[in-house]
Amino acid sequence: MKIRVLVSYKDSVLDPQGQTVKNALHTLNYDCVKDVRQGKVFELELEEVSPEKVEEVIPEIAHTVLANPIIEKFEWQVIEE
Amino acid sequence: MKFGVVVFPGSNCDNDTLHAVRDVFEQEAEFLWHKDHDLKGSDCIILPGGFSYGDYLRSGAIARFSPLMQEVKEFALKGGIVLGICNGFQVLLELGLLPGAMMRNKNLKFLCQHVYLRIENKDTPFTQAGHEGQVLRIPIAHFDGNYYTDRKGLKELERNQQIVLRYTNEEGYLTEEANVNGSLDHCAGLMNKAGNVLGMMPHPERASEAILGSRDGRLIFQSIINYIHHT
């Protein structure tokens, strides 16, 4: 089973890298881009786990290791059964 | 007294730090390997600067899981003196011994330069050799030194005088240009509530001898030595 975890800054936290990307896009005349938030993607390959276990273990992993909950939030999805 | 300097893969200020406390201050000092479980009787643990684990994931995020860090955490919770310098500060934040987190510098540049710091609280084991309002000139070298905590957390820090060092200009004023990395409230050095753990982004070990251009960093080590000798 493959899980994708997306980690990004909380909305309340300024994202200087995202801002810089946005400014670069504006320089290229992509004026339609209103905002950019940058994040990280993790793909975790799991073996022999029940769907219940996944529900339990993925948020735990994301919270304790992949994201720093003080400044970051995460979301996850199953990308391969 | 004895200093223990923790070595992670990717630490690169470990030798400078050991040199400062052992050769400049003539104290007993030893390296502590991150995989061990032994603090070797140290009175003060220093987490040195560098790029532990290549700064993978987030600065300090992996070092936090090193076996030795469990002993360091216990040592700190029992009141032991712990100093985190630069990457060591980042590790202390990830470990939860200090509140908040580090973000990329506001200008997205790696900053390697001398900065000025003002002592905001001298009643700490790390600054007692100085006086409040004293300005120190000590270098920084980091990419992620932009301190962040939420509004509630900041109030708490201010109430307890936990922000021990702030970035100022040479005259000791809090100007925006002086806050080079964009840290919240100009925070350059932060202490835990109990007052026995300090994290600071500037490198006192790089400012402990005249040949290095500044001796102002000596104040930090001298304070710790005085403190340990009087307790």
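Yes or no, residue by residue, for (1) of a type in the set (S, T, N, Q); (2) surrounded by fewer than 20 Cβ atoms within 10 Å (Cβ to Cβ):
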| position | (1), (2) |
| --- | --- |
| B:GLY49 | no, no |
| B:GLY79 | no, yes |
| B:GLU94 | no, no |
| B:HIS114 | no, yes |
| B:THR124 | yes, no |
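Rundown of residues vs (1) among the hydroxyl-bearing types (Ser, Thr, Tyr); (2) surrounded by 13 or more Cβ atoms within 10 Å (Cβ to Cβ), yes/no style:
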site: A:SER8; (1), (2): yes, yes
site: A:GLN17; (1), (2): no, yes
site: A:THR20; (1), (2): yes, yes
site: A:ALA24; (1), (2): no, no
site: A:LEU28; (1), (2): no, no
site: A:GLU52; (1), (2): no, no
site: A:ALA67; (1), (2): no, yes
site: A:ILE70; (1), (2): no, yes
site: A:TRP76; (1), (2): no, yes
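So, in segment B:73-90, of the ones that are of a type in the set (A, V, I, L, M, F, W, C) and touching a helix residue (DSSP H, G or I) at 6+ places or on another chain (Cβ under 8 Å), which residue ends up nearest to B:GLY54 (Cα to Cα)? Out of the qualifying residues, it is B:ILE85. The single condition among (1) within 21 Å of B:LEU18 (Cα to Cα); (2) within 14 Å of another protein chain (Cβ to nearest Cβ); (3) not charged (D, E, K, R) that B:VAL82 does not satisfy is (2).
Take the conditions (1) within 12 Å of chain A (Cβ to nearest Cβ); (2) assigned to a strand (DSSP E or B); (3) hydrophobic (A, V, I, L, M, F, W, C); (4) over 15 Å from the mean Cα position of the chain (by Cα); B:LEU57 misses just one of them, which is (2).
The requirement of being of a type outside the set (D, E, K, R), within 14 Å of chain A (Cβ to nearest Cβ) and not in a loop (DSSP other than H, G, I, E, B) is fulfilled nowhere in segment B:71-79; no residue meets it. Within the option set A:VAL5, A:VAL33, A:VAL13, A:VAL65, being within 14 Å of chain B (Cβ to nearest Cβ), outside any helix (DSSP H, G or I), modelled with pLDDT of 95 or more and out of contact with any Gly (no Cβ under 6 Å at 6 or more places or on another chain) holds for one residue only, A:VAL5. Contact annotation: residue pairs with Cβ atoms under 6 Å, 6 or more positions apart or on different chains, pairing a residue in segment B:193-219 that is in contact (Cβ under 8 Å) with a residue 40 or more places away in the chain and within 18 Å of B:ALA29 (Cβ to Cβ) with a partner that is of a type in the set (Ser, Thr, Tyr) and surrounded by 22 or more Cβ atoms within 10 Å (Cβ to Cβ), are B:GLU205/B:THR17; B:GLY217/B:SER208; B:ARG218/B:SER208. Filtering segment B:5-47 to residues that are surrounded by fewer than 19 Cβ atoms within 10 Å (Cβ to Cβ) and among the aromatic types (Phe, Trp, Tyr) leaves B:PHE25, B:PHE31, B:TRP33.
The values are calculated or read from the model by the stated rules, or taken from the named source; none is laboratory data. Given the structure is predicted, the values throughout are model-derived calculations rather than measurements. Here the Cβ is made from the backbone with ideal geometry for all residues, glycine too, and neighbour counts use every protein chain on show.
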